[in-house]
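To start, the structure itself, in structure tokens.
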Amino acid sequence: MTGTVDDLFGALASPVRRELLRLLLEGPSTVNALAAHFAMARPSVSEHLKVLRDAGLVAETRHGRERHYRLEAGPLMELADWLHPYERFWRQKMADLRDLLDEEDS
């Protein structure tokens, strides 16, 4: 299930969830391996992973009793597409600022 833009922003609002995504860039991992990177109990990490899964940012597979998570980058591309007009806006503002500063230096 792919989440909405609101779901994606909500999922990415947490530094813990952003760090989980960064860790999953290295490849699939188990809950226990991911939890080892945090000073919190495994069930808390599992809750963060559930939010990421519900937003479509991670996928879960079970191997016996273990759950393995992998990054699903598709929703991040959708988010990047949504943010693109704002990026152009800020690039133009920064170019205008650079031009203004260059004029003051002259």
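With among the acidic types (Asp, Glu), without any contact (Cβ under 8 Å) to a residue 12 or more places away in the chain and out of contact with any Lys or Arg (no Cβ under 8 Å at 6 or more places or on another chain) as the only criterion, which of Glu104, Glu78 stands out? Working first, answer last.
Details: Glu78 fails: without any contact (Cβ under 8 Å) to a residue 12 or more places away in the chain.
Glu104 is the lone residue from the list that is among the acidic types (Asp, Glu), without any contact (Cβ under 8 Å) to a residue 12 or more places away in the chain and out of contact with any Lys or Arg (no Cβ under 8 Å at 6 or more places or on another chain).
Considering only residues in segment 19-32 that are in a helix (DSSP H, G or I) and surrounded by 14 or more Cβ atoms within 10 Å (Cβ to Cβ), the one that is modelled with the lowest pLDDT turns out to be Val31. Within segment 33-42, the residues that satisfy the criterion of being outside any helix (DSSP H, G or I) and surrounded by 14 or more Cβ atoms within 10 Å (Cβ to Cβ) are His37, Phe38.
Would it be correct to say that Ala80 is surrounded by fewer than 14 Cβ atoms within 10 Å (Cβ to Cβ), part of a helix (DSSP H, G or I) and among the small types (Gly, Ala, Ser)? Give the derivation first.
Working: surrounded by fewer than 14 Cβ atoms within 10 Å (Cβ to Cβ): yes; part of a helix (DSSP H, G or I): yes; among the small types (Gly, Ala, Ser): yes.
Spelling it out, Ala80 is indeed surrounded by fewer than 14 Cβ atoms within 10 Å (Cβ to Cβ), part of a helix (DSSP H, G or I) and among the small types (Gly, Ala, Ser).
Looking across Arg91, Arg62, Arg67, Arg53, one residue alone is part of a helix (DSSP H, G or I), more than 15 Å from Glu19 (Cα to Cα) and either among the basic types (Lys, Arg) or touching a strand residue (DSSP E or B) at 6+ places or on another chain (Cβ under 8 Å) (or both). It is Arg91. Evaluated against (1) aliphatic (A, V, I, L, M); (2) out of contact with any helix residue (DSSP H, G or I) (no Cβ under 8 Å at 6 or more places or on another chain); (3) surrounded by 14 or more Cβ atoms within 10 Å (Cβ to Cβ), Val45 falls short on exactly one condition, (2).
Results for (1) surrounded by 13 or more Cβ atoms within 10 Å (Cβ to Cβ); (2) touching a Gly at 6+ places or on another chain (Cβ under 8 Å); (3) hydroxyl-bearing (Ser, Thr, Tyr), shown as yes or no for each residue.
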site: Asp54; (1), (2), (3): yes, yes, no
site: Thr61; (1), (2), (3): no, no, yes
site: Arg65; (1), (2), (3): no, no, no
site: Arg88; (1), (2), (3): no, no, no
site: Arg91; (1), (2), (3): no, no, no
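When residues in segment 48-74 are screened for being touching a residue at least 24 places away in the same chain (Cβ under 8 Å) and touching a helix residue (DSSP H, G or I) at 6+ places or on another chain (Cβ under 9 Å), 15 of them pass.
The values are calculated or read from the model by the stated rules, or taken from the named source; none is laboratory data. Source: prediction; values computed, not measured. Cβ coordinates were reconstructed from backbone atoms using ideal geometry, including for glycine residues, and neighbour counts include every protein chain displayed.
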